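**Q** Before I ask anything, here is the structure I am working with.
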Amino acid sequence: MLVLVFVLAGLTSLSSGCLARRSIVVDDLLEPLAPPRPWLPAPADLAAARLARAALVANSVDETDDGATLDDGAPAAVEKALGELEKVGLPDDQENLRLLAIDLRNATLDDPIRDREASRKLRQRHDPDPRLRGRLDDLIAADPLAQANRREFDGWHRLWARTFNTVSEPLGSSIITGFVLAPYQLANSVIHYLADFSNDEPLSLTDRQALALRRDFLRAHPDTESTAILEKKIERDSIRLVETLALRRTRSAEAALDADESGLALHHAKAARTLLARYPEENRRLQKRAARLEDRARRMRTSETRRRLRSLEASPGRDESRAAETRMSRALLVLPPGSDELEAEISRYERAVGKPGQGRSEFLRALSQHEVGFDSPAIDRLTRLASRNPANEPMARHARALVENDWQNPYGAFERLERSAVRRELAWRLAGEWVRRTRYPNLPTPIAYLVDAPTIAITILLAPLRALTAPWTGAPDFRRAPALAAYRYLARFPDGVHQRELVEWLFDYESDRERWGRALRLADLMPRFDPEERRKLVEKTAEARLARIDGLDRRDNRASLLQGIAREFPDSEKGREAGLRARAEREDASPQHIRITRSFLIENPKVAGREGIGLNPRLLNGDPGDGELHPDGVLLRGGRVLEVLLIADGSDDEDPPEARQRKISKTRLARIAASLDDVVRRNGMIDTGARHRPDASRDVYLERANLGLTEDVDARPTAESGFVYRSLRERYGIVRGRDSILPFDLVFRGSLGDFTLGAFPRWRPPRETPDAFLYR
């Protein structure tokens, strides 16, 4: 019986040992470097090398031995080398070498137009490798004239899409609910379609792109068969461009005049007239409009200057009055308000000036109170003085200027801005964005609001529904201006009469906006604040600051923020978490943090194989029993340090990895850098979606690794790269979204405003090019 027990125990231990997950030993993480294979160049390889040398050293226009230039502009040495390559007789599996050779010859042509035409023929007559195909497609698509025509076509395409959607949307929305409202909806859609033309400029964005492309082409190729046609198109679009820019300046001048900014209006009006002067025979109506604006702005500017000089004009005074003014100024700075000495000095000043008046005395008493911090009595006194008739009391306008000044009377500004915020928020709750502007600012305001009247009415009717959904949809911050005024009051008068009132208002405001750090600082200014509530504020503040850590790329910024949280909130849970993360950040710090995920390595086996990292194949076979690479992949730590992240024993993909570091050779590191560069470039040529974003620190490190210059480690935080090489599936999901082959989308839509439900096709307008922002 005892023997049977021992046998069962042995079998159990053996079976558990076989089923247990084993981690791979460190020595087996990387495979030995493959020795360089001997390679003898074939005749085709030698011919290709001679062609490459000829292309690199040839002039843009070479001459043959007898002094004649080649007809197609290709260097003679390149043509000769290409002919030798074709005579060698390439096998079928090296057809791409011949196509690459032809493409290299095309690149040496002296004229980009010829290069583009030759590339187009090469692309049409053959089926090249995807990388060469991508290069040829990019070169053909870079034709400036074709791009200009395409941009011009995009303008017409966008107009067609707008027209099509104007008709299809109202008709399609009425199919299910009946065509009772269809005439009204169609008429309303057509009205908006016509009104929308008021927002168009004389030269559209796509036409501006076409103009720039044609100018660049004509500057590079002044003598072509298309020169005459291009010059006419450029002249036509240049006139429209001047009109567009001058119209913008004119509208800016009108807006500045409406805001009483005469100097800015004069500047824009002059700029408009300067633009229009290039073509004096064109845009006559706009020239008259700009001239009227310039004249109006100049007259307003002259009037303002005259009034300002009159206000600053100094009146001659007697020596006794100047001495009294000096004594009065010194008394306001030294004597306390309401004291007998100050009252005596004010009386003495009134007698010396010789123009006694109650207003001047009240103004001086208010200044004395205001300067020492008695803001409320001083503002009350100035308010009473400002209410007097300026014709009878000269000091009334000075008092009004102080009362209405946001810095001198911050509490008054707070009350005024708070009332304005309540009105603006109420109007926004009722009418939405229509209270700010219309969709057609270039139309007369009554007509613009009349066009949008049905939509505004529906918006007002749906105000209760928007009020219910407001907590999730968000709203503009209408109370930002009064909050700034309240903070200004606390800065000017930290012990003022209204300090507690404004602190409580600001606390509620910052809490509603979930700015817990500011709310905590305001809570410290409130006496008898609930300690438990303050503890919750501390936790929320530390949590909000911790949430910003993941958005910081530099390790010194992360460490500084974590240390600040730990020191400022040492007794909070988040403060202790920040301290632990700061310690982990310091322990995990390295000159580089370039990560290559497991999915990227599986998608690009060249990087994982012996031409790159040289990972043990068992790490990528999907069997956790012999060790498996963690989804985080591997890390380049800087220098020659490679960190392999493994799935720990008893863990899975979701758990933290087990890190194993190795110091690799310069040769292996150079292979890793070269394989990464080759794979990324090749994938980018085949699929533009596979291209990675630029990262200067990553590129510098990999280039130094290629050259074997990583021994001198650059430990600056600014030199660290946190780039991650991810696979296409990780970047775009299981299936990448593709555009439909149809030129329109089928839209299902319902509206509570007019109680319609329907489906209609919406024509897709052409997408803007990446450089479109340069032409806005």
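The values are calculated or read from the model by the stated rules, or taken from the named source; none is laboratory data. What you see is a predicted model; the values in this text were computed from it and never measured. For neighbour counting, all protein chains shown are included, and Cβ atoms are generated from backbone atoms with ideal geometry for every residue, glycine included. Note: areas computed on protein heavy atoms with side chains; ligands, DNA, RNA excluded. Shrake-Rupley method; radii C 1.70, N 1.55, O 1.52, S 1.80 Å.
**Q** How large is the Kirkwood hydrodynamic radius of the chain, in angstrom, based on all distinct alpha carbon pairs?
**A** One over the average 1/r among Cα pairs gives 36.2 Å for the chain.
**Q** Express in nm, to one decimal, how much length is gained between Ala467 and Arg704 on full extension, taking 0.36 nm for each residue of separation and deducting their alpha carbon distance.
**A** 79.4 nm
**Q** To continue, here is another question. If I take all pairs of Cα atoms in segment 322-410, what percentage of them are more than 21 Å from each other?
**A** Numbers: 1134 of 3916 pairs.
Pairs farther apart than 21 Å: 29 percent.
**Q** What would the Debye formula give as log10 I(q)/I(0) at q = 0.21, 0.22 Å⁻¹ for the alpha-carbon point model of segment 456-575, no solvent?
**A** Log10 I(q)/I(0), no solvent term: -1.15, -1.18.
**Q** Same structure, new question: Mind checking the angle between helix 319-334 and the chain's longest principal axis? C-alpha axes, 0 to 90 degrees, to the nearest 10.
**A** 60 degrees
**Q** Loop-only check: which GluC sites (Glu not before Pro) in segment 139-244 are DSSP coil with at most 12 other Cβ within 10 angstrom?
**A** Glu225
**Q** Evaluate the distance, in nm, between pseudo-label points positioned 7 Å from the Cα of Phe197 and of Ile460 along their respective Cα→Cβ axes.
**A** Simple spin-label model gives 3.1 nm for this pair.
**Q** Now for a different question. What does the convex hull of the alpha-carbon atoms of segment 193-325 project to on average, in nm²?
**A** Mean projected area of the Cα convex hull: 14.2 nm².
**Q** Next up: Residues in segment 79-110 near a label at Val57, defined as backbone nitrogen under 14 Å from the 7 Å Cα→Cβ point?
**A** What the label zone holds, given the 14 Å backbone N cut-off, is 81.
**Q** Please report how many Lys pairs in the chain have alpha carbons closer than 19 angstrom, counting only residues at least 8 apart along the chain or sitting on separate chains. Could the numbers behind the result be given before it?
**A** Details: Lys270/Lys288; Lys536/Lys574; Lys540/Lys574; Lys606/Lys666.
Step by step, the pairs that qualify in the chain add up to 4.
**Q** Rounded to the nearest 500, what is the chain's calculated 222 nm mean residue ellipticity when only DSSP H runs of at least 4 contribute -39500 (n - 2.57) each, over all residues?
**A** Roughly -19500 deg cm²/dmol at 222 nm, from the helical runs in the chain.
**Q** Mind listing the Cα extents of segment 238-305 along all three principal axes, in Å, largest one first?
**A** 37, 16, 15
**Q** Using a Förster distance of 22 Å, how high is the FRET efficiency between Asp649 and Glu730, based on the Cβ-Cβ distance and rounded to 0.05?
**A** Details: r = 26 Å, r/R0 = 1.17.
After rounding, the FRET efficiency stands at 0.30.
**Q** Listed highest first by mean packing, meaning other Cβ atoms within 10 Å per residue, what order do 432-442, 485-495 come in?
**A** Per-residue Cβ counts within 10 Å, averaged per peptide and sorted highest first, yield 485-495, 432-442.
**Q** Sticking with the crude label model, points 7 Å out along Cα→Cβ, report the distance from Arg292 to Glu658 in nm, one decimal please.
**A** It is 8.4 nm.
**Q** Another question about this same structure. With everything on Cα atoms, drop me the angle between helix 2-19 and the longest principal axis of the chain, reported from 0 to 90° to the nearest 10.
**A** So the helix axis and the longest Cα principal axis differ by about 70 degrees.
**Q** To the nearest 0.05, how large is the calculated FRET efficiency for Arg278 and Arg764 if R₀ is 41 Å and r is the Cβ-Cβ distance?
**A** Details: r = 38 Å, r/R0 = 0.92.
After rounding, the FRET efficiency stands at 0.60.
**Q** Please give the residues of segment 119-151, grouped as numeric ranges, whose backbone N is less than 16 Å from a label point set 7 Å along the Cα-to-Cβ vector of Asp771.
**A** Counting only backbone N, you get 138-151.
**Q** With no solvent and one equal point scatterer per Cα, compute the Debye intensity ratio I(q)/I(0) for segment 89-157 at 0.14, 0.15 Å⁻¹ and report its log10, rounded to two decimals.
**A** Those come out to -0.49, -0.54, one per q.
**Q** Mean shadow of segment 512-553, computed from the convex hull of its alpha carbons, in nm²?
**A** Mean projected area for segment 512-553: 3.2 nm², to one decimal.
**Q** Continuing with this model, one more query. Sort out for me the Cα centre separation of segment 136-178 from segment 431-445, rounded to whole Å.
**A** Using only Cα atoms to place each centre, the spacing works out to 27 Å.
**Q** Give me the mean projected area, in nm² to one decimal, of the convex hull enclosing the Cα positions of segment 413-475.
**A** 5.4 nm²
**Q** How large is Rg over Rh for segment 159-260, taking Rg from the Cα atoms and Rh as the Kirkwood inverse mean of 1/r across Cα pairs? If you can, show how the numbers build up before the last one.
**A** Details: Rg = 20.8 Å, Rh = 17.3 Å.
Reported Rg/Rh (Cα atoms, Kirkwood Rh): 1.20.
**Q** What do you get for the angle between helix 480-492 and the principal long axis of the chain? Use alpha-carbon atoms, 0 to 90 degrees, nearest ten.
**A** 60 degrees
**Q** Oh, and also: Please report, as a whole percent, how much of the solvent-accessible surface of the chain comes from carbon and sulfur atoms (probe radius 1.4 Å).
**A** Roughly 55 percent of what the probe reaches on the chain is carbon or sulfur.
**Q** Can you give the alpha-carbon Rg of segment 604-667 over 2.2 N^0.38 Å, where N counts its residues?
**A** Ratio of Rg to 2.2 N^0.38 Å for segment 604-667: 1.12.
**Q** Given a 1.4 angstrom probe, what's the average accessible area per residue across the chain, in square angstrom?
**A** 60 Å²
**Q** If you average 1/r over all unlike Cα pairs in segment 604-710 and invert the result, what Kirkwood radius do you get in angstrom?
**A** Hydrodynamic radius (Kirkwood, Cα pairs) of segment 604-710 is 14.9 Å.
**Q** Pick out, in residue order, every one of the GluC sites (Glu not before Pro) in segment 633-718 that is DSSP loop and has at most 12 other C-beta atoms within 10 Å; say none if there are none.
**A** Passing sites in segment 633-718 are Glu654, Glu711.
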